[in-house]
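Peer 1: Before we start, here is the structure in question, set down as structure tokens.
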Amino acid sequence: FDVGPASLLYASASTGFKAGGFFASQAPNTSKPEKLTAFTLGTKNRFLGNTLQFNAEAFYWKYKDKQVTHIGPIQPFGFNLITENAGRAEVYGVEADLIWQPTRNDRLSVNAQYLHSKYNDFIYSQTTLTGPPQTACAVSPLSLTSVTVNCTGRELPRAPKWTVNLSYLHTFEIGAGNLDAMVGTRLESRSVMGEEYLPGQYQKGYMLSNASLTWRGTDDRYTVSVYVDNIEDEVVKTSSFVQPVVGLPLVTLAAPRTYGVRLGFKF
């Protein structure tokens with residue numbers, strides 16, 4: 001709905017699914033399709049002669065038969081990477097974008113998101129073949145070598161409550177080319193990386209910044225960039241799972257402080 005020459009409101013309702021599948025085991029060894037129903041309500045706007053853009057969106061996502069892939073028990077004996085249907089989950093929140101370009105050579109961008117996530121029904125299996133259950137959730141016996149894990153009410157992995165991205169770009173006009181100077185940062189609140197919810201699987205809140213200088217030649221055909229990512233040299237976990245033999249959560253990490261040079265050419 002157009003509420004003005006440069007403002008609109010929109011709403012949507014949509015459904016989708018992720019196909020089911022199977023894993024290497026005797027039956028039961030299949031997972032049902034994961035189904036999602038999504039609702040959004042938002043607005044898009046431009047002000048001050050198209051120099052200020054503000055967009056905002058509220059969203060609600062509802063999952064049914066949500067698929068969870070993890071190392072779990074298989075039949076008739078052992079463990080492997082399996083995919084189970086964990087039940088129901090919901091995600092809702094608000095996201096806002098602000099882009100301000102006070103001059104043709106300056107641009108400031110801000111993106112902020114509040115996110116609430118919750119498993120309304122989250123029950124899956126875990127092997128005990130190599131030791132006791134490795135989870136912070138409630139467990140109950142399933143077989144001689146496995147347990148049922150109930151994490152109902154927990155937050156979804158990799159779903160921080162707050163995320164903020166900030167960036168500033170200034171373009172210097174130098175002869176026949178341009179020099180873009182960019183600096184940005186990302187702030188993210190605490191989140192969990194694995195479905196076992198063990199202490200070592202949580203990522204504390206962090207700030208991650210980057211900067212670059214990019215020279216663009218005539219018609220933007222040639223580019224030369226120097227950059228540095230993760231200026232703070234922050235240790236950031238990106239995923240985690242429990243390896244049964246080790247009995248400890250293993251995590252993967254984002255790149256440490258990284259810097260270099262990039263050359264580009266457009267045909």
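Peer 1: Could you please report the charge total around Thr135, scoring K, R as +1 and D, E as -1 over all other residues with beta-carbon less than 10 angstrom from its beta-carbon?
Peer 2: Computed value for this residue: -2.
Peer 1: If r is the Cβ-Cβ distance from Trp61 to Leu253 and R0 is 25 Å, what FRET efficiency results, to the nearest 0.05?
Peer 2: It comes to 0.35.
Peer 1: Here's a follow-up. Using a 1.4 Å probe on the protein heavy atoms, what percent of the accessible area of the chain belongs to carbon and sulfur? Present the calculation step by step, with values, prior to reporting the outcome.
Peer 2: On the way: 9400 of 15370 Å².
Carbon plus sulfur share of accessible area: 61 percent.
Peer 1: Quick check: residue separation of Ala181 and Val110 times 0.36 nm, minus the Cα distance between them. What number comes out in nm? Kindly include the intermediate steps, with their values, before the conclusion.
Peer 2: Values: separation 71, 0.36 × 71 = 25.56 nm, distance 1.69 nm.
Net length gain for the segment: 23.9 nm.
Peer 1: How high is the relative contact order of the chain, in percent, counting Cα pairs under 8 Å that sit 6 or more residues apart?
Peer 2: Once divided by the residue count of the chain, the mean separation gives 11 percent.
Peer 1: A further question on this structure: Of the listed values (1) 19.3; (2) 20.0; (3) 22.0, identify the label whose number matches Kirkwood radius over Cα pairs in Å calculated from this model.
Peer 2: (3)
Peer 1: Would you mind counting up the charge near Gly72? Only other residues with Cβ under 13 Å from its Cβ, with Lys and Arg at +1 and Asp and Glu at -1.
Peer 2: Counting the neighbours of Gly72, the net charge comes to -3.
Peer 1: Would you kindly find the accessible area of Trp61, with a 1.4 Å probe and non-protein molecules such as ligands, DNA and RNA excluded, rounding to the nearest 10 Å²?
Peer 2: Using a 1.4 Å probe on the heavy atoms, I get roughly 100 Å².
Peer 1: Probe of 1.4 angstrom, ligands and nucleic acids ignored: what's the accessible area per residue over the chain, in square angstrom? Before the final figure, lay out the partial values.
Peer 2: Working: 15370 Å² over 267 residues.
With the other protein chains kept in place, the chain gives 58 Å² per residue.
Peer 1: If the reach is capped at under 20 angstrom between alpha carbons, list the aspartates and glutamates near Lys266, excluding any in the same chain fewer than eight residues apart.
Peer 2: Within the straight-line cut-off, Lys266 pairs with Asp180, Asp219, Asp220.
Peer 1: May I ask you to list the lysines whose Cα is less than 18 Å away from that of Lys237, ignoring any residue fewer than eight positions away on the same chain?
Peer 2: Lys161, Lys204
Peer 1: Something else about it: What figure, in Å² to the nearest 10, do you get for the accessible area of Thr15 with a 1.4 Å probe and non-protein molecules left out?
Peer 2: Its heavy atoms expose roughly 120 Å² to the probe.
The values are calculated or read from the model by the stated rules, or taken from the named source; none is laboratory data. This is a predicted model, so every value here is computed, not measured. Counting neighbours? That spans all protein chains shown, and the Cβs are built from the backbone with ideal geometry, glycine included. What goes into the accessible areas is simple: the full protein's heavy atoms, side chains included, and nothing from ligands, DNA or RNA. Shrake-Rupley method; radii C 1.70, N 1.55, O 1.52, S 1.80 Å.
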